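Since the structure comes first, as structure tokens, the remarks are kept for the end.
The values are calculated or read from the model by the stated rules, or taken from the named source; none is laboratory data. This structure is a prediction, so every number in the text was calculated from the model and none was measured. Methodologically, a virtual Cβ is constructed for each residue, glycine included, from the backbone with ideal geometry; neighbour enumeration extends over all protein chains shown.
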Amino acid sequence: MERIPDCTGVILAGGKATRLGGVAKGLVRAGGTTVVARSVALFGELFAETLLVANAPEAYPPLGVPVVADAIPGKGAPGGLHAALAASRTTWAFVVGCDMPSLSAEAIRFLWERRGEARAVAVEWERGFEGLHAFWSRACLPVVERLLAGGDPSLRAIAEAVGARIVPAATWREVDPDGRSFENANDPSDLARLGLSLPPTEGRSRRS
């Protein structure tokens with residue numbers, strides 16, 4: 001499989017997962033492995049480099065990829081995006097959450113091919129803007145830093161500020177009709193719906 005050029009695959013694992021009893025969300029299991037390990041394996045095929053952004057790296061077993069923490073703590077996913085762009089050595093970063101079990105190489109490539117000349121590209125799905133299944137260029141970093149310094153911007157606000165290209169739901173359905181790429185595990189009902197399971201007790205952490 002030919003890799004997407006000059007791009008780092010980034011997995012954000014900074015949330016606290018309070019609705020899952022504090023279990024590190026990336027350690028939720030799917031098909032005999034963890035969701036985060038599945039993402040690392042996929043990114044190894046798609047990108048030359050993979051990066052994990054985690055404020056509690058001790059929650060995760062060694063995954064064979066570099067781990068960095070938020071440089072600007074307490075900013076949620078936008079802070080994770082900042083850390084990803086600051087640490088990346090490539091022009092582009094594809095950024096996802098650690099609890100997304102249905103990532104698809106075909107869908108990721110579909111999105112990559114639609115970035116055009118924009119500094120970022122993401123999907124506006126039926127439930128809203130999907131900033132954690134998106135390509136962001138390092139050219140976005142100064143804007144991200146400025147917005148974080150001024151408050152608590154959403155990923156949508158950052159996308160608007162950098163002039164991101166937005167792929168509409170109607171176009172996205174060509175590759176992912178049900179939006180499975182954006183599914184994530186927030187609470188026990190999500191685990192049941194997605195066929196996921198919690199890790200064994202000894203593998204759990206109070207933070208993710």
Pairing a residue in the stretch 104-123 that is touching a residue at least 12 places away in the same chain (Cβ under 8 Å) with any residue that is acidic (Asp, Glu) and surrounded by fewer than 20 Cβ atoms within 10 Å (Cβ to Cβ), where Cβ atoms lie under 7 Å and the two sit 6 or more apart in sequence or on different chains, gives Ala105/Glu45
Note: among Gly97, Gly76, just one is out of contact with any strand residue (DSSP E or B) (no Cβ under 8 Å at 6 or more places or on another chain) and touching a residue at least 12 places away in the same chain (Cβ under 8 Å), namely Gly76
ask   = Going by the conditions given, is Glu124 loosely packed, with under 15 Cβ neighbours inside 10 Å, more than 20 Å from Ala30 (Cβ to Cβ) and at pLDDT 95 or above?
value = no
Of the residues in the stretch 160-177, those that are more than 15 Å from Phe129 (Cβ to Cβ), part of a loop (DSSP other than H, G, I, E, B) and not charged (D, E, K, R) come to Val175, Pro177
In the set Arg89, Arg114, the lone residue that is surrounded by fewer than 15 Cβ atoms within 10 Å (Cβ to Cβ) and of a type in the set (D, E, K, R) is Arg89
Residues in the stretch 178-201 that are assigned to a loop (DSSP other than H, G, I, E, B) and of a type in the set (S, T, N, Q) total 2
Considering residues that are in a loop (DSSP other than H, G, I, E, B), under 25 Å from Pro66 (Cα atoms) and among the hydrophobic types (A, V, I, L, M, F, W, C), the number found within the stretch 78-130 is 3
Those residues of the stretch 127-138 which are surrounded by fewer than 22 Cβ atoms within 10 Å (Cβ to Cβ), within 18 Å of Pro153 (Cα to Cα) and not small (Gly, Ala, Ser) amount to Phe129, Leu132, Arg138
